[in-house]
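To start, the structure under review is shown below, and the notes come after it.
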Amino acid sequence: MEKNIESHLKETRVFKPARSFAAKALVGSLQQYRRMHRDSIRQPEKFWAREARELTWQKPWKKVLEWKPPFAKWFVGGKLNLAENCLDRHLQGPRRNKAAIIWEGEPGEKRVLTYQQLHRDVCRFANVLKRNKIRKGDRVIIYLPTIPEAAIAMLACARIGAVHSVVFGGFSADSIRDRIADCGATAVITADGGYRRGAIVPLKHNVDEALKGETTIKRVIVFRRAGNDVHIEQGRDVWWHRELEYVDAHCPPVALASEHPLYILYTSGSTGKPKGILHTTGGYLVGIHSTSKYVFDLREDDIYWCTADVGWVTGHSYVVYGPLAAGATTLMYEGAPNWPEPDRFWRIIEEYAVSILYTAPTAIRAFIRWGDQWVKKHDLSSLRLLGTVGEPINPEAWMWYRKTIGGGRCPIVDTWWQTETGAIMITPLPGAIPTKPGSATLPFFGVDAAVVDAKGKEVPPNVGGKLIIRRPWPAMLRSIYGDKPRYKKQYWSEFKNNYFTGDGARRDKDGYFWIVGRIDDVLNVAGHRLGTSEIESALVSHPQVAEAAAVGRPDELKGQGVVVFVTLKSGVKPTPSLKEELRRHVGQHIGAIAKPDEVRFAEALPKTRSGKIMRRLLKEIASGKTVTGDTTTLEDFSVLAKLGSAEE
């Protein structure tokens, strides 16, 4: 029988919401949260109907939920338009002249689009789509840098009912080709190039490569961003700016069924074939509007910055659709956090008086490695709320974030969710829930989460297990595009009628959730099942360590040995004695069973441009194999070469 995941990390620090914050918050006490959560679980349809009524519906729904496991339909019979909810409904009052998007390009250009200007730009581009024979239901690939035009293209597709699939700008021609083939897209929206660390990423060239041979693509619309030379294929390619000359700004939003597909977003699958996660219109909008409002406690004067790329689900839900649906000002930045120097983020926060920062633990650990001196150059007093997204955050990075970036005064919302969930699922509410460093704390309204053993039985407090969601929620994925059997098998087969997240977790005595990482990343060491994130947290709690990744390698005696890759803080020299010290440090924090068999020092870890550590590549290196997996999403290819010869 499969044993439960063991959890050894102990964390006793607790931070209560400041009274001054709680007094103004939408949810201002733990009692209020518990009452609202209890009601939302007892009567979920009533709760979600109330949330949905805050939005604009062109036709009311007949039924809140139709649930035929594992397929859900939300707000059945209702019709609405997502672009109308993000734009038109804000034009009746003072928000029309409020900044919707503040943008900064990597080279330093700055633009501000008010809600009225953004509405006009979206209507004009929606008419460009129609002029180029893109219709309701057509699939459109969007392959752009993080520029306002990415949001404009997404909203324009939503306005006419075209289904978009945003491809992250760091992906290769092969990735674009695979996605086009899977969804049968008929158009691509791209740019000549985008900026990354001072270099131009040749986006249009990558599209040209992807379209060689047979393709379903009939039209490519090209935005001029970087001014680099590109090939324009007559009869297929058109310039964005030229097309705008032929259209006006009148484009009424199409009334779409609540379950009309909004977007397909591809996420890597264990088989290597990307999974096209399908999200629909009504339920997704209700989920992201509700979470944006409560989790970030949005106020009318906030300058909100989620640092994600639009190519990831975080960019969809919390750069574009969620903040705009809530009438917030969302900041977008095109480039790298350390270009031209490691204080780019802090410069942006100071210049625009950013009040909410939502970023990834990987970025936070990079900031720690680069040194506090870059932060101290800037006034970050405008910040009132911090958030983390993308993976579990280790307690020491959480504490640094709180103290160094938040000045000890900003609550941190450590959010757990997935591409598949569409919206935040487990999170503190900043005015209500006391936080513990490293814990995503408690479920959001309407979310029934549990930690279970292999048989689906809920485990006692502080016992590790598998994280499941026991009932449907509005922003949930509806299927894997074109592959319902895979959707059933992947997410709903292990625990009947329950969504299996693929993550391991435990709950403490207060009911707080601690995510211990992907089940695939669990190490089986001498019969003990250990989560990699706990080993990594223990390492990063050492004062000289900036970042760490733990992976398993085959071991004849123990089944798996633990290999850790460690990046040290600037100025710290790698030595054999430090290796031994780090092994002992893990043993003290977790137990002798988790002591790494091997510590490898590395200048940097292989990451995607979204900041995720590519553990799959590290496993291959740790096992002494040649790296064979897909490396097209790597941020810095030189990292791999250095790791291959990492033994000093």
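The values are calculated or read from the model by the stated rules, or taken from the named source; none is laboratory data. Bear in mind that the values here come from a model prediction, so they are computed numbers and not experimental data. No Cβ is skipped: glycine too gets one built from the backbone with ideal geometry, and neighbour counts run over all protein chains shown.
Let's see how each residue does on (1) of a type outside the set (Gly, Ala, Ser); (2) free of Cβ contacts under 8 Å to residues at least 40 places away in the same chain; (3) crowded, with 23+ Cβ neighbours inside 10 Å:
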| residue | (1), (2), (3) |
| --- | --- |
| Asp208 | yes, yes, no |
| Leu211 | yes, yes, no |
| Glu233 | yes, yes, no |
| His250 | yes, no, no |
| Ser258 | no, no, yes |
| Tyr263 | yes, no, yes |
| Thr280 | yes, no, yes |
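Applying a threshold of 7 Å to beta carbon distances and a minimum spacing of six or more residues, or different chains, the list of pairs starting in region 504-516 at a residue that is more than 16 Å from Ala454 (Cα to Cα) and at pLDDT 95 or above and ending at one that is among the aliphatic types (A, V, I, L, M) and assigned to a loop (DSSP other than H, G, I, E, B) reads Gly511/Leu442; Tyr512/Leu442; Phe513/Ala440. Yes or no: Tyr321 in contact with a strand residue (DSSP E or B) (Cβ under 9 Å, 6 or more places away or on another chain) and among the aromatic types (Phe, Trp, Tyr)? So Tyr321 passes the test. Listed by first and then second residue, the pairs with beta-carbon distance under 9 Å, at least 6 apart or on different chains, first residue in region 569-580 and under 17 Å from Ser541 (Cβ atoms), second at pLDDT below 90, are Lys569/Arg369. Scanning region 347-388 for residues being at pLDDT 95 or above and aliphatic (A, V, I, L, M) gives a total of 11. Apart from one condition, Phe296 fits all of (1) surrounded by 24 or more Cβ atoms within 10 Å (Cβ to Cβ); (2) within 27 Å of Gly184 (Cβ to Cβ); the exception is (2). The set of residues from region 537-554 being of a type outside the set (Asp, Glu) and in a strand (DSSP E or B) comprises Val545, Ala546, Ala548, Ala549, Ala550, Val551, Gly552, Arg553, Pro554.
The one condition from (1) among the polar types (S, T, N, Q); (2) farther than 14 Å from Phe71 by Cα; (3) at pLDDT 95 or above that Ser479 does not meet is (2).
Listed by first and then second residue, the pairs linking a residue in region 581-605 that is in a strand (DSSP E or B) to a residue that is surrounded by 15 or more Cβ atoms within 10 Å (Cβ to Cβ) and among the charged types (D, E, K, R), with Cβ atoms under 7 Å apart and 6 or more places separating them unless they lie on different chains, are Val599/Lys579; Val599/Arg583.
Does region 426-433 contain any residue that is under 14 Å from Arg507 (Cα atoms) and in contact with a strand residue (DSSP E or B) (Cβ under 9 Å, 6 or more places away or on another chain)? Yes, that holds for at least one residue.
Only residues that are of a type in the set (Ser, Thr, Tyr), outside any helix (DSSP H, G or I) and closer than 23 Å to Lys569 by Cα were counted in region 343-377, giving 1. Would you be able to say whether some residue in region 421-431 is modelled with pLDDT of 95 or more, assigned to a strand (DSSP E or B), out of contact with any Gly (no Cβ under 6 Å at 6 or more places or on another chain) and not acidic (Asp, Glu)? Yes: region 421-431 contains one or more residues that are modelled with pLDDT of 95 or more, assigned to a strand (DSSP E or B), out of contact with any Gly (no Cβ under 6 Å at 6 or more places or on another chain) and not acidic (Asp, Glu).
Across region 335-356, a minimum of one residue is classified as on the phi < 0 side of the Ramachandran plot, of a type in the set (S, T, N, Q) and surrounded by fewer than 20 Cβ atoms within 10 Å (Cβ to Cβ). Taking region 82-134 as the range and being within 22 Å of Ala226 (Cα to Cα), surrounded by fewer than 19 Cβ atoms within 10 Å (Cβ to Cβ) and of a type in the set (Gly, Ala, Ser) as the test, only Gly108 passes. For Glu391, work out the one condition from (1) under 21 Å from the mean Cα position of the chain (by Cα); (2) part of a loop (DSSP other than H, G, I, E, B); (3) surrounded by 21 or more Cβ atoms within 10 Å (Cβ to Cβ) it doesn't fulfil. The failed condition is (3).
Counting only strands (runs of 3 or more DSSP E) that sit completely within region 35-150, those holding 3 or more residues that are more than 18 Å from Gly322 (Cα to Cα) and in the same structural domain as Glu341 (by TED's automatic domain parsing) correspond to 63-68, 71-76.
Here is the figure for region 222-265: residues that are within 13 Å of Val128 (Cβ to Cβ), under 33 Å from the mean Cα position of the chain (by Cα) and of a type in the set (A, V, I, L, M) total 4. Per the conditions (1) farther than 30 Å from Tyr195 by Cβ; (2) out of contact with any Phe, Trp or Tyr (no Cβ under 8 Å at 6 or more places or on another chain), the sole criterion not satisfied by Ile613 is (1).
Only residues that are closer than 24 Å to Val522 by Cα, under 20 Å from the mean Cα position of the chain (by Cα) and among the hydroxyl-bearing types (Ser, Thr, Tyr) were counted across region 465-500, and they come to 2.
Among the residues making up region 164-182, those that are within 12 Å of Ile217 (Cα to Cα), crowded, with 21+ Cβ neighbours inside 10 Å and among the hydrophobic types (A, V, I, L, M, F, W, C) are Ile176, Ile180. The single condition among (1) in contact (Cβ under 8 Å) with a residue 60 or more places away in the chain; (2) within 30 Å of Ala83 (Cα to Cα) that Ala366 does not meet is (2).
May I ask you to verify whether Gly28 is surrounded by 15 or more Cβ atoms within 10 Å (Cβ to Cβ), over 26 Å from the mean Cα position of the chain (by Cα), over 30 Å from Arg402 (Cα atoms) and touching a residue at least 40 places away in the same chain (Cβ under 8 Å)? For Gly28, the condition - surrounded by 15 or more Cβ atoms within 10 Å (Cβ to Cβ), over 26 Å from the mean Cα position of the chain (by Cα), over 30 Å from Arg402 (Cα atoms) and touching a residue at least 40 places away in the same chain (Cβ under 8 Å) - is not met. Within region 43-51, does at least one residue satisfy the condition of being among the polar types (S, T, N, Q), surrounded by 20 or more Cβ atoms within 10 Å (Cβ to Cβ) and either out of contact with any strand residue (DSSP E or B) (no Cβ under 8 Å at 6 or more places or on another chain) or at pLDDT 95 or above (or both)? Taking every residue of region 43-51 in turn, none turns out to be among the polar types (S, T, N, Q), surrounded by 20 or more Cβ atoms within 10 Å (Cβ to Cβ) and either out of contact with any strand residue (DSSP E or B) (no Cβ under 8 Å at 6 or more places or on another chain) or at pLDDT 95 or above (or both).
Among the residues making up region 553-584, a single one is at pLDDT below 90, touching a helix residue (DSSP H, G or I) at 6+ places or on another chain (Cβ under 7 Å) and either surrounded by 20 or more Cβ atoms within 10 Å (Cβ to Cβ) or of a type in the set (Gly, Ala, Ser) (or both): Ser570.
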